[in-house]
Amino acid sequence: MIAQPKASHFVNGDWMEDSAGALIEVINPATGDVIARLHEATPAVLDAALASAQAAQSDWAARKPVERGRILRRAADMIRDQGESLARLETLDTGKPLQETLVADWPSGADALEYFGGLVPTVTGETIPLGGDFAYTLREPLGVCVGIGAWNYPSQIACWKSAPALAMGNAMVFKPSEITPLGALQLAEIFIEAGLPAGLFNVVQGRAAVGARLVTDPRVAKVSLTGSVPTGRKVYAAAADGVRHVTMELGGKSPLIIFEDADMESAVGAAMMANFYSAGQICSNGTRVFVQKGIKAAFLERLAARTQKIVLGDPMKMETQMGPLVSAAQVDKVMGYVNGAVAQGARLICGGAQTGMFVEPTVFADVTDTMLLAQEEVFGPVMAVLDFDTEEEVVSRSNSTDFGLAAGVFTADLSRAHRVIGALQAGTCWINTYNLTPVEMPFGGVKMSGVGRENGKAALDYYSQIKSVYVGMGPVDAPY
Ligand code: NAD
């Protein structure tokens with residue numbers, strides 16, 4: 001199947017091509033077929049995108065928030081109307097099963113557009129009484145924002161970044177991952193049809209160097225990256241040179257702690273969701289599953305039984321629960337961790353095999369804190385189960401990582417649940433569930449997992465800045 005867009009880029013309200021840019025072949029990971037050929041953005045394309053964003057932004061910011069919101073909500077409706085065809089494209093681009101892309105990817109993007117479109121008219125400043133004088137504050141947009149996406153949730157990421165940015169009156173130049181570049185182009189087209197003025201949302205394609213060029217352009221006020229920690233460090237440092245605002249949504253190695261009194265079926269189901277959804281290619285996954293020793297055997301037995309029933313195969317079939325990994329490089333990386341875990345003495349409970357681009361859902365038990373599997377982000381369908389005895393011990397081991405994206409706890413003891421969550425160093429947490437990320441809830445990490453938040457009311461703070469205005473009501477009292 002071919003999914004060739006009209007051109008590589010979408011700039012100033014229209015498709016744009018410059019075949020001088022290096023070739024990007026877009027591969028359907030399920031078949032290995034090349035489904036589109038794009039070109040990286042040349043400096044001329046980047047300049048056109050940034051110039052059009054800059055030109056369009058101030059008029060957009062001057063519009064009433066309710067008008068901006070209406071356009072975003074219209075785009076949300078259009079996404080829902082085209083839900084099935086968008087999901088199919090997402091599945092072609094990423095390899096994720098249709099049963100996921102129909103309900104998770106674009107639908108969550110539409111939620112973001114609806115939410116921020118509705119929220120932005122409620123944003124107000126404060127008035128600050130100062131005796132006879134007073135001050136007030138305004139929340140102003142930042143200007144031109146750059147969004148850079150990871151490959152795992154390409155369309156959701158494009159929506160999660162553009163929705164709060166545009167709602168607050170900014171313009172955005174978005175660079176999707178070179179591995180999954182197609183969904184963002186669809187979003188750009190939908191925005192135009194929904195009535196967004198040209199130039200406010202531009203999509204440019206390219207690899208790391210194109211992203212790096214965007215981050216340092218003097219016209220750019222903010223950079224929002226979703227990606228790995230090593231990329232985050234580079235982008236954060238480059239943005240610092242121009243004292244630009246940043247949001248960094250980076251990787252994780254999150255703990256999911258299961259106490260003996262937890263509901264077993266829910267805990268097993270959550271551990272599977274936390275490791276196998278999207279073939280494990282999710283930043284917030286609970287990839288260190290700490291199971292209290294008393295239930296270890298029963299937990300592993302139920303986990304193995306349910307894991308072995310996961311239907312692996314053609315992601316376009318509705319019955320398929322897990323598709324291929326996104327790329328051959330990702331398969332190699334994940335199998336490296338699987339083989340390394342065996343070599344380091346972890347006990348393989350189920351899975352572990354690879355056929356082409358497909359990796360079986362894999363569970364390792366008896367994983368210890370020092371094994372690579374417990375320390376590094378695998379980004380594949382590989383669950384590490386670790387044992388623990390006490391609450392104090394598991395909290396301390398959970399926190400002994402540089403990451404801090406997410407964490408979860410399963411227990412029937414309410415006080416313990418809140419006490420443990422209170423002690424965990426993580427930005428996004430769940431009690432008796434895992435990996436639910438509704439747009440209403442702020443999402444993001446602490447420590448090396450990131451800076452800033454997406455979603456929730458908090459996201460608008462990261463796409464705006466405060467102007468304080470002091471109003472003198474009497475004569476100026478000068479000492480000279
Ligand atoms: P990556 O870091 O390799 O690339 C992310 C994006 O950054 C890509 O678009 C890439 O082209 C671009 N890029 C790379 N180097 C750059 C540079 N020097 N300057 C500017 N741009 C540059 O990540 P990936 O492999 O695409 O995605 C997987 C990673 O993303 C995982 O670590 C995962 O945890 C993380 N992730 C985080 C979240 C979150 O919300 N916290 C969500 C999804 C994925």
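Only the coordinates and a few stated rules stand behind these numbers; no lab work does. None of these values were measured; they are calculated from a predicted model. No Cβ is skipped: glycine too gets one built from the backbone with ideal geometry, and neighbour counts run over all protein chains shown.
Treating cross-link reach as a plain straight distance, find the lysines whose alpha-carbon is under 17 Å from the alpha-carbon of residue 447, omitting any fewer than eight places away in the same chain.
Those lysines meeting the cut-off are 234, 253.
Please work out how much length the chain gains when fully extended from residue 14 to residue 123, using 0.36 nm per residue of separation minus the C-alpha to C-alpha distance, in nm with one decimal.
36.1 nm
Could you please state, rounded to a whole Å, how far the C-alpha centre of the range 85-126 is from the C-alpha centre of the range 346-393?
Measuring centre to centre over Cα atoms gives 30 Å.
Give me, ordered by chain and number, the residues 5 or more places off residue 408 or on other chains with an amide H under 5 Å from its own placed amide H.
Counting only residues 5 or more places away or on other chains, the set is 256, 257, 430.
Hey, for a label at residue 133 modelled as a point 7 Å past Cα toward Cβ, could you say which residues of the range 458-480 have their backbone N under 19 Å away?
Zone members listed by number: 467-480.
Using the Karplus curve 6.51 cos²θ - 1.76 cosθ + 1.60 with θ = phi - 60°, what ³J(HN,Hα) values do you get for each residue of the range 440-451, in whole Hz, with x for Gly and Pro?
Taking θ as phi minus 60°, the curve returns 5, 9, x, 9, x, x, 10, 6, 6, 7, x, 9 Hz for the range 440-451.
Under the classification rounded if a/c is under 1.5, otherwise prolate if a/b is larger than b/c and oblate if not, where does the range 305-372 fall, given a ≥ b ≥ c as square roots of the Cα gyration tensor eigenvalues?
Note, shape of the range 305-372 comes out oblate.
I need the peptides 331-344, 187-200 ranked by packing, meaning the mean over residues of other C-beta atoms within 10 angstrom, with the highest value on top.
Working: 331-344: 16.7, 187-200: 20.6.
Those peptides, ordered most packed to least, come out 187-200, 331-344.
For the chain, give me the percentage of DSSP beta bridges that are antiparallel, rounded to the nearest 5 percent.
Values: 29 of 67 bridges.
Given both bridge residues lie in the chain, the antiparallel proportion sits at roughly 45 percent.
Going by amide H atoms built from the backbone, whose H comes under 5 Å of the H on residue 36, apart from near neighbours?
3, 26
Using r as the Cβ-Cβ distance of residue 399 and residue 6, and R0 as 56 Å, what FRET efficiency do you calculate, to the nearest 0.05?
The formula returns an efficiency of 0.70 here.
What's the FRET efficiency of residue 261 with residue 58 using the Cβ-Cβ distance as r and R₀ = 56 Å, to the nearest 0.05?
Details: r = 58 Å, r/R0 = 1.03.
Once the sixth-power term is evaluated, E becomes 0.45.
Between residue 389 and residue 309, what is the FRET efficiency for a Förster distance of 35 Å, r being their Cβ-Cβ separation, to the nearest 0.05?
Here the calculated transfer efficiency is 0.65.
Between residue 466 and residue 431, what is the label-point separation in nm under the 7 Å Cα-to-beta-carbon projection?
3.0 nm
Taking the 0 to 90 degree range and rounding to the nearest ten, how far is the long axis of helix 229-241 tilted relative to the main principal axis of the chain, both from C-alpha atoms?
The helix 229-241 is inclined about 20 degrees to the chain.
Which distance in nm do the two modelled labels at residue 419 and residue 212 give, with both placed 7 Å along the Cα-to-Cβ direction?
5.0 nm
What share of Cα pairs, in percent, lie more than 40 angstrom apart in the chain?
Tail fraction, whole percent: 23.
Students often get this wrong, so check it: of 6/96; 64/457; 96/317; 293/333; 96/333; 96/309, which have C-alpha atoms separated by over 22 Å? Intermediate results must be reported in sequence, preceding the final value.
Working: 6/96 24 Å; 64/457 19 Å; 96/317 11 Å; 293/333 31 Å; 96/333 18 Å; 96/309 18 Å.
Checking Cα-Cα distances, 6/96; 293/333 exceed 22 Å.
Report the full-extension gain for the segment residue 318 to residue 51: residue separation times 0.36 nm, less the Cα-Cα distance, to one decimal in nm.
91.8 nm
Any chance you could give the angle, 0 to 90 degrees and rounded to 10, that helix 328-343 forms with the longest Cα principal axis of the chain?
For helix 328-343, the angle is close to 40 degrees.
Would you mind checking the tilt of helix 182-194 against the longest principal axis of the Cα atoms of the chain, expressed as 0 to 90 degrees and rounded to 10?
The angle comes out at about 40 degrees.
Highest mean first, what order results for 148-157, 434-443 on Cβ atoms within 10 Å?
With the highest mean Cβ count within 10 Å placed first, the list reads 148-157, 434-443.
Of the DSSP beta bridges with both residues in the range 104-202, give the percent that are antiparallel, rounding to the nearest 5.
Details: 4 of 11 bridges.
Here the share of antiparallel DSSP bridges comes out near 35 percent.
When a/c is below 1.5 the answer is rounded, else prolate if a/b is larger than b/c, else oblate, so apply that to the range 420-480 with a ≥ b ≥ c taken from the square roots of the Cα gyration tensor eigenvalues. Could you put the intermediate results ahead of the total?
On the way: a/c = 3.83, a/b = 2.93, b/c = 1.31.
In terms of gyration-tensor shape, prolate.
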